[in-house]
Amino acid sequence: MSRGLAVVTGASSGLGHAYARSLASRGHPLLVVARRADRLRELADEVAALHGTPTTTVVADLATPEGLAATRDAIDAWGAAPEVVVLNAGYGSRGRTWELDRDRESGMVRLNCVAVVDLGVHVLPAMVAARRGALVVVSSAAAWQPVPFMATYAATKAFELHWTEAVAEELRGTGVRALAVCPGPTRTEFTLSGGGSSTYPGIPFDDVDLVVRATWRALAAGRRRAPTGVVARGSMLASRLLPRGLVLRAAALTHRERDHA
């Protein structure tokens, strides 16, 4: 059976770029979405040279109704149900909530939550009708518990986790799977721009390809969630076994900005 379309949002760098490259290597034609046109062109050229992969690029801000509409239209123009949809686009912030930019915080909810529901609900009917496919939502190890100094980000990731797990159960018996991927700290532009390992000394950072490989293994095993890396698995265990107040305080100590320490 020929490979169907793979859709990847946030594909211009980091995990999205790694997912797109991996899917191209598996023979999927791509539809990639991001705000940076130059990065998408580079990705399309790369996978065409390596794998002969046809790629449709969509330059869109998924935090806006216009960006979502453009992406839905591009998916529909393919003419068949996608086989794999990776909803990876998102961003975070760090600091005391009342000191952060209001528009950026509310925009984070639109991108990390609303866009996931909008695109997920859009693609699933055709996937269920085709009785095959996978919906992958990139959540985070921050989804396990509230995270002071990353309050909005962690809350959006908890939303993604719970929504995806619920949808996965609804999809039982349809031939379509849903998986929430929950990486720990990972070497991407997102984490490195926030200070990366210099901000979190002693905490191991995972490689994007490790996260991608773990995603395909979890899908093959039929799991609904995939904590990837030592930190993700350790924090998930801690959230289950330790008192919530202790976990909350530890998260605050880990994520507070050093000038507020």
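Here are some notes:
- Stokes-Einstein D for the stretch 1-110, Kirkwood Rh over Cα pairs, 10 °C, 1.306 mPa s (µm²/s): 109 µm²/s
- Taking θ as phi - 60° and the Karplus parameters 6.51, -1.76 and 1.60, the scalar couplings of the stretch 47-54 work out to 6, 5, 5, 7, 10, x, 7, x Hz in sequence order, x denoting glycine and proline.
- Evaluating 6.51 cos²θ - 1.76 cosθ + 1.60 at θ = phi - 60° for every residue in the stretch 138-147, the Karplus couplings come out as 8, 8, 6, 4, 5, 6, 5, 7, x, 10 Hz, glycine and proline recorded as x.
- Proxy reagent accessibility, fewest Cβ within 10 Å first, across Ser2, Ser139, Ser25: Ser2, Ser25, Ser139
- Using only alpha carbons, the stretch 89-182 has a radius of gyration to Kirkwood radius ratio (Rg to Rh) of 1.05.
- Placed amide H near Ala89: partners under 5 Å, 5+ positions off or other chain: Thr9, Gly10
- Whole-Hz Karplus values for the stretch 102-112 come out as 4, 5, 5, 5, 5, x, 4, 5, 4, 6, 6 Hz, taken residue by residue from phi with 6.51 cos²θ - 1.76 cosθ + 1.60 and θ = phi - 60°; glycine and proline positions read x.
- Nonlocal amide H pairs with Ala134, under 5 Å, H built at 1.01 Å: Val84, Val85, Arg177
- Sequence-distant residues sharing a close amide H with Arg225 (under 5 Å, placed H): Ala180
No value in this document is a laboratory result; all are computed from the given coordinates. Since the model is a prediction, treat every value here as computed from it, not as a measurement. All Cβ positions, glycine included, derive from the backbone under ideal geometry; neighbour counts span all protein chains shown.
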